[in-house]
Amino acid sequence: MAAVLADRLDDAPVVDVAVRLAAARGAPLLLIAVMPPLPPRAVPHRPDGPAARAVLGRAMPRVTRAGITYRPAVYHRPAGRGGRLDPAKGLLYVAVAHGGSSLVVSRSGPPGLDAGTVTEAAALRGGPVVHAAAPAFWAPLAASG
């Protein structure tokens with residue numbers, strides 16, 4: 001089981017669904033931090049480095065409260081112009097390389113990494129299974145008077 005976290009408000013519902021599914025299966029959780037494209041010749045961020053911890057930080061209270069073991073991973077979005085499915089294919093490669101047989105992705109994720117696109121790429125690839133998490137509820141702040 002893997003949760004795709006893009007440092008967005010929608011990470012909370014993704015983590016909630018992933019924790020629920022991982023707990024039901026008794027499986028560890030792979031937390032994939034989506035990072036921006038790397039500049040040329042840059043060294044990829046480490047899964048235990050500060051940049052990845054900043055993205056995964058919002059998920060940690062829910063994961064530790066559930067008592068689920070986890071391991072972090074990092075996915076750098078591709079740089080430049082590629083095919084429409086390139087970001088999703090790269091994400092699937094990272095998930096499968098780390099043993100993720102299922103992914104939880106936000107329906108309103110970043111372009112190319114939303115649940116619809118990742119599901120399409122997974123169908124063409126033959127897996128893994130993709131679960132779509134509904135976007136987080138948002139309401140504007142009310143003016144206090």
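The values are calculated or read from the model by the stated rules, or taken from the named source; none is laboratory data. None of these values were measured; they are calculated from a predicted model. Note that we place each Cβ from the backbone using ideal geometry, even for glycine, and neighbour counts take in every protein chain shown. For the accessible areas, the whole protein counts, side chains as well, though only heavy atoms, and no ligand, DNA or RNA atoms are used. Shrake-Rupley method; radii C 1.70, N 1.55, O 1.52, S 1.80 Å.
For this structure, a couple of remarks:
- Qualifying residue in the range 82-102 (condition: acidic (Asp, Glu), touching a Pro at 6+ places or on another chain (Cβ under 6 Å) and under 22 Å from Pro36 (Cα atoms)): yes
- Residue that is touching a Leu at 6+ places or on another chain (Cβ under 9 Å), open to solvent by less than 40 Å² (accessible area, probe 1.4 Å), without any contact (Cβ under 8 Å) to a residue 60 or more places away in the chain and in a helix (DSSP H, G or I), where the choices are Val55, Val130: Val55
- The range 66-107: number of residues that are small (Gly, Ala, Ser), assigned to a loop (DSSP other than H, G, I, E, B) and either under 11 Å from the mean Cα position of the chain (by Cα) or within 19 Å of Leu31 (Cβ to Cβ) (or both): 4
- Qualifying residue in the range 116-133 (condition: modelled with pLDDT under 90 and within 23 Å of Asp48 (Cα to Cα)): no
- Residues that are of a type in the set (A, V, I, L, M, F, W, C) and surrounded by fewer than 16 Cβ atoms within 10 Å (Cβ to Cβ) were ranked within the range 108-127; the one that is farthest from the chain's Cα centre (by Cα) is Leu124.
- Against the test of being assigned to a loop (DSSP other than H, G, I, E, B), of a type in the set (A, V, I, L, M, F, W, C) and within 24 Å of Val19 (Cα to Cα), the options Leu38, Leu113 yield a single qualifying residue, Leu113.
- Just one residue in the set Val63, Val19, Val34 is under 16 Å from Gly109 (Cα atoms) and open to solvent by less than 60 Å² (accessible area, probe 1.4 Å); that residue is Val34.
- Within the range 21-65, considering residues that are more than 15 Å from the chain's Cα centre (by Cα) and among the β-branched types (Val, Ile, Thr), the one nearest to Arg8 (Cα to Cα): Thr64
- In a residue-by-residue description of the range 96-105, the property of being among the hydroxyl-bearing types (Ser, Thr, Tyr), without any contact (Cβ under 8 Å) to a residue 40 or more places away in the chain and open to solvent by 60 Å² or more (accessible area, probe 1.4 Å) applies to no position.
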